[in-house]
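Chemist: Quick one: the structure is below, questions incoming.
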């Protein structure tokens, strides 16, 4: 059985969905087993890190054999709660919010955008990607009613904090923040900041100063 997830490093926890996605692809192709070296080549994470990540969960593989794909897939499905749906709401239906609504995490079994909120009268009452758009005035009531625990924040930066305060009052537990604003929330709320401008500047910096370094997956700057 998995160890207490609180004891697993956050960096490891963030890589688990990446492993799970690749294992799903392997399973679909009919592959029965995989080595850490093969996993490393596919997900661009060094094999020593993969073995260390897996070691937190006990003996998942055998030396000289590698890892059983079906077992790993089943194990990580349970670990990542893939059979339990988490409802998500989009807050702000601009260009980025609209893109999320069209995408709606189609390859994820455990996350689905159920609703979105905006103040634009031309959008309120319509549907995008079959997701209903509601007025921001109804946000707290509907989030509580539908039991939405996670929101994606794509509003203008000046209103990010006031809207976040309302999300906190609506008992939201997690916020994926795509605004440049750094949000103040209680310790019980988890916020991941995805600043696209910062990520782009970071990429340009690494291209200029580490041009020959082996390309590995760079983790987004989050808090």
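Chemist: Could you please tell me the mean projected area of the C-alpha convex hull for the chain, averaged over all directions and given in square nanometres to one decimal?
Modeler: Computing the convex hull of the Cα atoms and averaging its projections yields 14.4 nm².
Chemist: Could I ask something else about it? If each of residue 102 and residue 46 carries a label point 7 Å out from its Cα toward its Cβ, how far apart are those two points in nm?
Modeler: 4.0
Chemist: How big is the equivalent ellipsoid of region 5-78 along its three axes, where each semi-axis is √(5λ) from the Cα gyration tensor, reported in whole Å from largest to smallest?
Modeler: 18, 13, 12
Chemist: On a 0 to 90 degree scale, rounded to 10, what angle separates helix 69-79 from the longest Cα axis of the chain?
Modeler: The angle comes out at about 40 degrees.
Chemist: Would you work out the relative contact order for region 86-197, in percent, from Cα pairs under 8 angstrom that are 6 or more residues apart?
Modeler: 24
Chemist: Contact order normalised by length for the chain, with contacts defined as Cα pairs under 8 Å and 6 or more residues apart; what percent is it?
Modeler: Answer for the chain is 14 percent.
Chemist: For the Cα atoms of the chain, what angle does the longest principal axis make with the long axis of helix 196-209, in degrees from 0 to 90, nearest 10?
Modeler: Once rounded, one gets 40 degrees.
Chemist: Report the residues of region 154-193 in range of a label on residue 110: point 7 Å along Cα→C-beta, backbone N strictly under 20 Å from it.
Modeler: Hits in region 154-193 for residue 110 at 20 Å: 172-177, 189-193.
Chemist: What translational diffusion coefficient, in µm²/s and rounded to a whole number, does the Stokes-Einstein relation yield for region 86-197 at 10 °C and a viscosity of 1.306 mPa s, taking the hydrodynamic radius as the Kirkwood radius over Cα pairs?
Modeler: The diffusion coefficient I find is 115 µm²/s.
Chemist: Tell me, 198, 159 in order of fewest to most beta-carbon neighbours within 10 Å?
Modeler: Starting with the residue having the fewest Cβ neighbours, the order is 198, 159.
Chemist: What is the distance, in nm, between label points placed 7 Å from the Cα along the Cα-to-Cβ direction at residue 130 and at residue 182?
Modeler: A separation of 4.1 nm, rounded to one decimal place.
Chemist: What is the order of 67, 56, 205, fewest Cβ neighbours within 10 Å to most?
Modeler: In order of increasing Cβ crowding within 10 Å: 205, 56, 67.
Chemist: Right, something else. Looking at the chain only, what percent of DSSP beta bridges run antiparallel? Nearest 5 please.
Modeler: Percentage antiparallel, nearest 5: 20.
Chemist: Okay, next question. Helix-only mean residue ellipticity at 222 nm, the chain, DSSP H runs n ≥ 4 weighted -39,500 (n - 2.57), per residue, nearest 500. What is it?
Modeler: -12000 deg cm²/dmol
Chemist: Per 0.36 nm of contour for each residue apart, how much would the distance between residue 138 and residue 25 grow if the chain were fully extended, relative to their Cα-Cα spacing?
Modeler: 36.7 nm
Chemist: How many nm separate the modelled label positions at residue 203 and residue 78, each set 7 Å beyond the Cα in the direction of the Cβ?
Modeler: 3.8
Chemist: How do 175, 194 line up, fewest other C-beta atoms within 10 Å first?
Modeler: Fewest-to-most ranking of 175, 194: 194, 175.
Coordinate-derived values only; no laboratory data. No experiment lies behind these values; they were computed from the predicted model shown. Cβ sites come from the backbone with ideal geometry, for glycine too, and all protein chains shown count toward neighbours.
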